[in-house]
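Colleague: Before we start, here is the structure in question, set down as structure tokens.
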Amino acid sequence: MYPVMRIVSGGQTGADRAALDVALELGIKSGGWVPRGREAEDGAIPNRYPNLRETESAVPAVRTELNVRDSDATVIISHGSLVGGTALTESLAGKLKRPLLHLDLNCMSETEAADSLRGWLLRNRPRVLNVAGARESKDAAIYAATRRVLSAVFGPD
């Protein structure tokens with residue numbers, strides 16, 4: 001139903017890992033840029049995530065820019081306003097003129113977020129979708145929420 005052929009993220013805990021897990025579970029190609037050494041807040045990003053490419057830098061902002069640049073569109077899923085890396089993602093999408101959808105789950109239900117994402121995907125028709133959001137240490141609920149929203153959109157009816 002949707003033209004997404006590949007889901008990418010930066011591999012960080014939280015929303016990024018949820019996106020990669022949904023892709024693996026549903027048989028959607030996945031990947032993305034990650035910091036040198038596959039570093040994340042919980043250590044090295046597990047090898048079970050395929051097609052992750054390490055940047056030459058350990059600085060997370062480098063992988064953030066490459067994931068936005070190399071994607072057709074970006075969706076950010078959050079609980080509240082954007083800060084840190086997610087705010088940078090939003091800024092880079094504007095700078096690089098990439099479609100961006102921010103789903104703030106403090107302002108809408110997960111069902112409404114899934115419906116919004118479905119409509120946005122149909123309008124923008126990205127083949128490569130970058131998924132971003134808070135890391136687990138900043139929002140303990142973002143992994144499960146992101147997983148539910150993406151599963152509702154890409155999973156079987």
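No lab work stands behind these numbers, since they all come straight from the coordinates. Quick caveat: nothing in here was measured; it's all calculated off a predicted structure. Every residue, glycine as well, gets a Cβ built from its backbone with ideal geometry; the counts of neighbours run over all protein chains shown.
Colleague: Based on DSSP loop calls and a cut-off of at most 14 other Cβ atoms within 10 Å, the longest stretch of the chain free of exposed trypsin sites (Lys or Arg not before Pro) is what?
Modeller: 49-96
Colleague: Next question, about the same structure. Taking the alpha-carbon set of region 6-154, what are its Rg and Dmax in Å?
Modeller: Just the Cα atoms of region 6-154 yield Rg and Dmax of 13.6, 39 Å.
Colleague: Loop sites only, by DSSP: take the GluC sites (Glu not before Pro) in the chain that have at most 15 other C-beta atoms within 10 Å and name the longest stretch containing none of them.
Modeller: With a cap of 15 other Cβ atoms within 10 Å, the longest stretch comes to 57-157.
Colleague: Right, here's the next one. Identify which of ASP42, ASP115, ASP104 has the largest mean-square fluctuation in a Gaussian network model of the chain, with springs joining Cα atoms closer than 10 Å.
Modeller: ASP42
Colleague: Determine the calculated [θ] at 222 nm for the chain from helices alone, applying -39500 (n - 2.57) to every DSSP H run no shorter than 4 residues and normalising by the residue count; nearest 500 deg cm²/dmol.
Modeller: -12500 deg cm²/dmol
Colleague: With equal scatterers on the alpha carbons only and no solvent term, can you work out the Debye log10 of I(q)/I(0) for region 1-81 at 0.11, 0.18, 0.19 1/Å?
Modeller: -0.26, -0.71, -0.80
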